Amino acid sequence: MKALVISQRPSDAGELVALAKGFGEPVILAFQESASKVDEVAAYGCRVYRVRSDRPEALYKAAFSLYESLNPKIIVGPSTKNVKDATALLAGSLDIPMVTEVVELSDGGSVLTYKRGFMSERVTMKAEVPYPVIALVNPKIVEPAEKAGRGEVIDLNVGELKVNIVGVRAKELSGVKLEEAEVVIGVGRGFKSKEDLKLAFELAKILNAQVGGTRPIAADLKWLPEDAWIGISGKKITPKLYIAVGVSGAPQHMSGVSGSKVIVAVNKDKSAPIFKQADYGVVADLYKFLPILTSKLREKFPGRA
Amino acid sequence: MGRDIAVLVKASLNPEIVRQVSEGIYDIDYTPLKISDVDRNALEEAARLKGILGGKVYSITVLTWGPSKARDKDLKLAVQEALAKVADEAYVVVDDNVIPGDPIVTSNAIVGVLKSKGLKPTLILAGEASVDESTSQVPGRVAAKLGYSYVGYVRRVLEVREGSVVVERDVEEYVETLEAPLPAVLSVTQEINEPRPPTLIQIRMASRKPLYTLKLSDIGLDVKPKRLIRDMRVITVFRKQVLVEEASMEKAVEKLLEYLEREGVLRV
Ligand SMILES: Cc1cc2nc3c(=O)[nH]c(=O)nc-3n(C[C@H](O)[C@H](O)[C@H](O)COP(=O)(O)OP(=O)(O)OC[C@H]3O[C@@H](n4cnc5c(N)ncnc54)[C@H](O)[C@@H]3O)c2cc1C
């Protein structure tokens, strides 16, 4: 029995191969970055089919033809946008189950048993689906496989695509690793302009903190770089202290901060949902509260800023 | 070229309300349904594009969570919003035989509605993810079944041309501009627009628009969910929920710093 691995980046291959081994003999389909760095992917000793493209449609066509010829029991891959879009097409044309953001999976005989987040990650769901199945997983849920000699590489040609690419624009990224910060200030739409964020940056300076925010602040308003948004579709952070300012506490945001040791919320609306999800809440206008907090901290830590 | 738009609207479990039946067990029956947030962006975009295309808009909803009797009110509310906002007619598939549903049931039912009613939208719009399951796969499944082109995570619809649509797609580290031939399925992100709630007049008009409630047999479909849910557990993170209430802002700041000092999280 075969297990098809979709690798998008060489860094995902080891973990995916390790997972696939629990179900069958891994065969890799290398796509996007993994196609251009195919040697790194071939180092796990499995046969590698390569599609030199970053289009979901190309991945779909390649996976479809491999599905027909290999008859895999399972297709595993990363839960990224390109892979999700490709495998959704595959799942639809084959009418087979597809599960995403999986954190645990095991072979239950005729079914795949898996665990994933549900309800914007406020609930975990354990469920099962019959084979064949597509399972897209979260990173770091298993130790990577050992490297084991070079596998054979075979190029796949997928022919014409329907969707044409006109242009690509890199996003503005800060490169700041919010995931590793010990103190994070989270800014939300309670701030009225980009300039006003300086209140948060001044506080951050004195606390040695990094500044992140809610999705609308980064993705919509672009007041912060796009790698600075925290939540289910952004970064997951685990600081000792998270200070949310002008953030309402939507479940999609809070699932990204649930690993914080202490959460402080500053919001002018006493009924804001964030107060039920914080350790310390202050009902206050951030424009009045933050300057006082910053100046008191300056008195406390005169050496800092 | 057709001019109609279909919008996929889900009545999702509301993730803001998560309650336990007993120790850690998620109370799904208690959880109300609401229109999935990003579907509002899809409706808003449909309203804009209807102005360009000039055709009809229909919404399609498949009930995933039951029992249907208990969900009727919430479901109607979600569908009424679609009708008030933009849809000329609404199709709702409700069938207790396939509840709780899964993406296989949902996508087949959507395609079943279109085929059995002879609907041929040139664009099908959906949200990038539902707020309960967020698996982002129904739009792609529908596209594959219909043979439509598909673009997920659309941040902008730049242009509708004769025979194609030009869009910006959000990928993790970059944004790409794509031209997809029509007919096409697009899933949209929150950033595509700022959804405006329907006006009072729109809400009043909505009750006069046709709403068709269908069973699977009405659309000639025989499909069963393949997913079996075994267990749902609430993730509980204990939070102290202390409100710092003091006579003055200065006092409140001092009190907060006192708490944080005691937690040992200030001197890092
Ligand atoms: C599929 C999906 C994925 C999503 N992913 C994410 C994600 O990863 N991350 C994320 O953050 N969001 C995400 N969202 C969006 C999320 O649902 C919320 O819309 C968003 O988090 C709200 O951001 P906010 O708190 O900044 O804004 P709002 O909800 O508008 O809250 C602003 C808050 O500021 C307060 N306020 C206003 N003025 C002041 C003042 N002067 N002083 C103090 N307080 C003030 C208000 O009382 C209010 O509570 C997602 C949504 C969906 C549907």
Problem set entry | Residues of segment A:84-118 that turn out to be touching a Leu at 6+ places or on another chain (Cβ under 6 Å) and at the interface with chain B (Cβ under 7 Å from one of its Cβ atoms), as a count | 1
Seminar exercise, completed: From the option list B:Thr106, B:Thr135, B:Thr31, single residue qualifying as more than 16 Å from the ligand (Cβ to nearest atom) and out of contact with any Leu (no Cβ under 6 Å at 6 or more places or on another chain) is B:Thr106
For this session: Sort out which residues of segment B:138-169 are over 13 Å from A:Arg55 (Cα atoms), in contact with a strand residue (DSSP E or B) (Cβ under 9 Å, 6 or more places away or on another chain) and without any contact (Cβ under 8 Å) to a residue 24 or more places away in the chain, and write them in order of number.
Result: B:Ala144, B:Leu158, B:Glu159, B:Arg161, B:Ser164, B:Val166, B:Val167, B:Glu168
Exercise. If you go through segment A:281-302 one residue at a time, do you hit one that is without any contact (Cβ under 8 Å) to a residue 40 or more places away in the chain, more than 14 Å from the ligand (Cβ to nearest atom) and away from every other protein chain (no Cβ under 12 Å)?
Worked result: yes
Exercise. Looking at (1) within 11 Å of the ligand (Cβ to nearest atom); (2) in contact with a Pro (Cβ under 6 Å, 6 or more places away or on another chain); (3) not hydroxyl-bearing (Ser, Thr, Tyr), can you tell me which one A:Arg215 breaks?
Worked result: (2)
For this session: Under 7 Å between Cβ atoms, at least 6 apart or on separate chains: pull out the pairs that start in segment A:237-260 with a residue that is at positive phi and end on any residue that is of a type in the set (Phe, Trp, Tyr) and within 8 Å of the ligand (Cβ to nearest atom).
Result: A:Gly246/A:Phe191
For this session: Test B:Glu45 against the criterion of being within 16 Å of the ligand (Cβ to nearest atom), open to solvent by less than 10 Å² (accessible area, probe 1.4 Å) and either charged (D, E, K, R) or more than 19 Å from the chain's Cα centre (by Cα) (or both), and give yes or no.
Result: yes
Exercise. Out of all the residues in segment A:249-265, which are near the ligand (Cβ under 6 Å from one of its atoms) and facing chain B (nearest Cβ under 10 Å)?
Worked result: A:Ala250, A:Gln252
Problem set entry | Odd one out for A:Gly151 among (1) more than 28 Å from A:Ala35 (Cβ to Cβ); (2) surrounded by 17 or more Cβ atoms within 10 Å (Cβ to Cβ); (3) out of contact with any Pro (no Cβ under 6 Å at 6 or more places or on another chain); (4) among the small types (Gly, Ala, Ser) | (1)
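Taking the stated definitions as given, is A:Phe275 more than 6 Å from the ligand (Cβ to nearest atom), within 12 Å of another protein chain (Cβ to nearest Cβ) and either open to solvent by less than 50 Å² (accessible area, probe 1.4 Å) or over 20 Å from B:Ser134 (Cβ atoms) (or both)? Don't jump to the end; show me each part of the working.
Details: more than 6 Å from the ligand (Cβ to nearest atom): yes; within 12 Å of another protein chain (Cβ to nearest Cβ): yes; either open to solvent by less than 50 Å² (accessible area, probe 1.4 Å) or over 20 Å from B:Ser134 (Cβ atoms) (or both): yes.
Yes; evaluated as a whole, the condition is true for this residue.
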For this session: Within segment A:101-121, track down each residue that is within 16 Å of the ligand (Cβ to nearest atom), of a type outside the set (S, T, N, Q) and buried (at least 23 other Cβ atoms within 10 Å of the Cβ).
Result: A:Arg116, A:Phe118, A:Met119
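Does segment B:139-174 hold any residues that are open to solvent by 20 Å² or more (accessible area, probe 1.4 Å), more than 8 Å from chain A (Cβ to nearest Cβ) and aliphatic (A, V, I, L, M), and which are they? Walk me through it before giving the result.
Kept after step one, since they are open to solvent by 20 Å² or more (accessible area, probe 1.4 Å), are these residues of segment B:139-174: B:144-148, B:150, B:156, B:158-163, B:168, B:172-174.
Narrowing further to those that are more than 8 Å from chain A (Cβ to nearest Cβ): B:146-148, B:156, B:158-163, B:168.
Hits for segment B:139-174 are B:Leu146, B:Leu158, B:Val160.
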Exercise. Which residues, taken from segment A:218-232, are more than 9 Å from the ligand (Cβ to nearest atom) and not acidic (Asp, Glu)?
Worked result: A:Leu221, A:Lys222, A:Trp223, A:Leu224, A:Pro225, A:Ala228
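Is there a residue being within 16 Å of the ligand (Cβ to nearest atom), modelled with pLDDT of 95 or more, at the interface with chain A (Cβ under 7 Å from one of its Cβ atoms) and touching a helix residue (DSSP H, G or I) at 6+ places or on another chain (Cβ under 7 Å) anywhere in segment B:215-233?
Our first condition is that a residue be within 16 Å of the ligand (Cβ to nearest atom); within segment B:215-233, this holds for none.
There is no residue in segment B:215-233 that is within 16 Å of the ligand (Cβ to nearest atom), modelled with pLDDT of 95 or more, at the interface with chain A (Cβ under 7 Å from one of its Cβ atoms) and touching a helix residue (DSSP H, G or I) at 6+ places or on another chain (Cβ under 7 Å).
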For this session: Could you list all residues from segment B:194-214 that are crowded, with 18+ Cβ neighbours inside 10 Å and within 14 Å of chain A (Cβ to nearest Cβ)?
Result: B:Pro195
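Looking at segment A:140-193, what strands (runs of 3 or more DSSP E) fall wholly within it and have at least 2 residues that are more than 14 Å from chain B (Cβ to nearest Cβ) and away from the ligand (no atom under 16 Å from the Cβ)?
Values: elements: A:153-155, A:164-170, A:183-187.
Per the criteria, A:153-155.
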Exercise. For segment A:239-247, does any single residue satisfy the condition of being modelled with pLDDT of 95 or more, near the ligand (Cβ under 6 Å from one of its atoms) and under 27 Å from A:Leu173 (Cβ atoms)?
Worked result: yes
Seminar exercise, completed: Screening A:Ser93, A:Ser106, A:Ser120 for residues that are touching a residue at least 40 places away in the same chain (Cβ under 8 Å) and either more than 18 Å from the chain's Cα centre (by Cα) or in a strand (DSSP E or B) (or both) leaves only A:Ser106
Exercise. Just one of B:Pro100, B:Pro32 is open to solvent by 10 Å² or more (accessible area, probe 1.4 Å) and more than 25 Å from B:Ile124 (Cβ to Cβ); which is it?
Worked result: B:Pro32
Problem set entry | Condition broken by A:Thr113, with the remaining ones in (1) assigned to a strand (DSSP E or B); (2) under 25 Å from B:Asp170 (Cβ atoms); (3) not charged (D, E, K, R) satisfied | (2)
For this session: May I ask you to verify whether B:Thr189 is within 14 Å of chain A (Cβ to nearest Cβ) and among the polar types (S, T, N, Q)?
Result: yes
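The values are calculated or read from the model by the stated rules, or taken from the named source; none is laboratory data. Just so it is clear, the model here is predicted, and its values are computed rather than measured. All Cβ positions, glycine included, derive from the backbone under ideal geometry; neighbour counts span all protein chains shown. Please note that ligands, DNA and RNA were not included when accessible areas were found on the heavy atoms of the full protein model with its side chains. Shrake-Rupley method; radii C 1.70, N 1.55, O 1.52, S 1.80 Å.
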